[in-house]
Amino acid sequence: MANPVQFISQVRSEIGKISWPTRREVITTTIMVLIMATLASIFFFLIDLAIKSGLSGILHFVGS
């Protein structure tokens, strides 16, 4: 096991290798995620509505 000073030195070295995203990249990907989440929620809402309407129609038809 390495001593604590050597470990901290290695951690700092590894942190220096990280490629951090720019502010513009973070904003762009955040907006894309929000748009995709909105589209997915609308899609699943419409699918749920279609299934609900179909089942209601079938149950109404069978119940009559």
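Where a number appears in this text, it was derived from the coordinates with a stated rule and is not lab data. Please read all numbers here as calculations on a predicted model, not as lab measurements. Glycine gets a Cβ as well: all are built from the backbone with ideal geometry, and neighbour counts include every protein chain shown.
At what distance in nm do the modelled label points of I31 and S56 sit from each other, each positioned 7 Å from its Cα along Cα→Cβ?
In this crude label model, I31 to S56 measures out at 3.8 nm.
Sort K52, K17 so the one with the fewest other Cβ atoms within 10 Å of its own Cβ comes first. Spell out each step's value before the answer.
Numbers: K52 10, K17 6.
Ordered from fewest to most neighbouring Cβ atoms within 10 Å, K52, K17 come out as K17, K52.
Which residue, S19, L59, T30, has the largest displacement toward the positive end of the dipole of the chain when charges sit on each Cβ (Lys, Arg +1; Asp, Glu -1)?
S19
Normalise the Cα radius of gyration of the chain by 2.2 N^0.38 Å (N = residues in it) and let me know the number.
Numbers: Rg = 26.3 Å, N = 64, 2.2 N^0.38 = 10.7 Å.
For the chain, the normalised Cα radius of gyration comes out at 2.46.
Take I8 and D48, extend 7 Å from each Cα along the Cα→Cβ direction, and tell me the distance between the two endpoints in nm.
Result: 5.2 nm between the two label points.
For the chain, find the longest principal axis of its Cα atoms and tell me its angle to the long axis of helix 23-63, 0 to 90°, nearest 10.
So the helix axis and the longest Cα principal axis differ by about 20 degrees.
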